[in-house]
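Please treat every number below as a calculation from the coordinates, not as lab data. Treat the numbers as computed from the prediction; the structure is a model and nothing was measured. Positions of Cβ are backbone-derived with ideal geometry, glycine not excepted, and every protein chain shown enters the neighbour counts.
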Amino acid sequence: MTSAETDTSRDTCVARAAARLTAAERDGVPCAPVRDTLGDTDVALAYAVQQRVVEGHLAAGRRVVGRKIGLTSPAVQAQLGVDQPDFGVLFADMDVSGPGAVSTDRLLQPKVEAEIAFVLAADLDGPDLTPDVVRAAVDHAVAALEIVDSRVSGWDIRITDTVADNASSALYVLGERRVPLSDFDPVDVVMTLHVDGEQVSSGTGAACLGDPLHALRWLAQTARDLGQPLRAGQVVLSGALGPMVPVVPGTTVTAELSVLGTVTARFSSGADA
């Protein structure tokens with residue numbers, strides 16, 4: 001096969017997988033895994049699918065406001081056969097912070113996890129993104145709930161499926177307490193997650209790639225190298241501090257993250273929201 005034929009074949013794979021995921025989100029019907037088209041291991045090809053889907057959203061008027069980091073748990077990495085995190089794009093309409101209910105009507109098979117969100121005060125596009133540079137770029141941190149979802153039926157995913165599917169992202173909720181890094185170390189945060197008052201998950205900052213700031217640095221370097229660096233004002237969801245749990249309409253999820261305080265989401269069907 002010639003180089004041109006290979007490029008055409010890869011582009012066909014990208015187009016086919018992107019169309020499948022886009023249709024699943026549009027129609028509200030989960031689809032079959034896309035690894036039948038992409039294979040199990042070609043992460044670069046999966047990111048090309050993600051970018052194709054993102055470009056479609058941008059063309060429809062959606063606006064990028066940040067990134068999310070996934071696969072920060074060594075156990076989850078081992079499950080999917082990878083040795084590094086992945087990332088997805090956050091759009092403005094994914095932010096459902098506030099007192100109103102989170103409608104499950106726009107979700108397929110949602111789960112929720114608690115994490116630390118960083119809001120940037122400076123661009124992270126320089127050649128030497130040292131830990132000190134990355135830390136200094138953070139304006140503040142807040143407690144966050146990430147509502148993850150999969151357009152792939154039954155969460156039957158491998159690494160190429162989740163990367164192509166925008167890192168299984170959906171919505172997010174930010175807490176109200178803004179804390180500068182001068183007041184705490186993210187690695188020391190202790191998290192508990194409750195659903196309807198019952199504790200269902202717990203963890204610490206160390207569960208997120210050893211330190212949420214390590215995850216942020218990885219993302220900053222990766223995004224820069226891809227020509228899409230993190231920018232001032234963007235939100236970064238740094239990765240789960242404990243196991244994710246499924247949610248259904250009628251449930252209330254509350255996470256407490258040490259000095260960052262609490263963050264709550266009440267889930268409801270559209271008719272009840």
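Placing a label point 7 Å from the Cα of Arg106 along the Cα-to-Cβ direction, the residues of the stretch 57-100 whose backbone N falls under 16 Å of that point are 57-66, 89-100.
From the Kirkwood radius over Cα pairs of the stretch 64-268, Stokes-Einstein at 20 °C and 1.002 mPa s returns a whole-number translational diffusion coefficient of 128 µm²/s. Reported to the nearest whole Å, the Cα centre-to-centre distance from the stretch 60-110 to the stretch 229-252 is 6. Within the chain, the whole DSSP H helices whose Cα atoms reach 15 Å or more along their own axis and whose mean Kyte-Doolittle score is at least 0.0 are 43-59. As a proxy for reagent exposure, Thr251, Thr160 were ordered by neighbouring Cβ count within 10 angstrom, fewest first; the result is Thr251, Thr160. Taking a point 7 angstrom from the Cα of Ala206 along the C-beta vector, which residues in the stretch 49-77 have backbone N less than 18 Å away? Once the point is set 7 Å along Cα→Cβ of Ala206, 72-76 turn out to lie under 18 Å by backbone N, inside the stretch 49-77.
Adding -39500 (n - 2.57) for every DSSP H run of four residues or longer, then dividing by how many residues the chain holds, sets the calculated 222 nm ellipticity at -9000 deg cm²/dmol. Note on the chain: with a GNM built from Cα contacts shorter than 10 Å, the maximum mean-square fluctuation among Glu256, Glu115, Glu55 falls on Glu55.
The residues Asp105, Asp125, Asp161, Asp86, when put in order of fewest to most other Cβ atoms within 10 Å, stand as Asp105, Asp125, Asp86, Asp161. Going 7 Å from the Cα of Ala122 along its beta-carbon direction, which residues of the stretch 208-223 have the amide nitrogen within less than 20 Å of the resulting point? Flagged as within label range: 212-223. Were the residues from Arg231 through Ala15 laid out at 0.36 nm apart, the gain over their Cα-Cα distance would be 74.9 nm. Projected onto planes of every orientation and averaged, the convex hull of the alpha-carbon atoms in the stretch 101-196 covers 8.6 nm². For the chain, the relative contact order comes to 25 percent (Cα pairs under 8 Å, sequence separation of at least 6).
Sorted ascending by nearby beta carbons within 10 Å, beginning with the fewest, Lys111, Lys68 become Lys111, Lys68.
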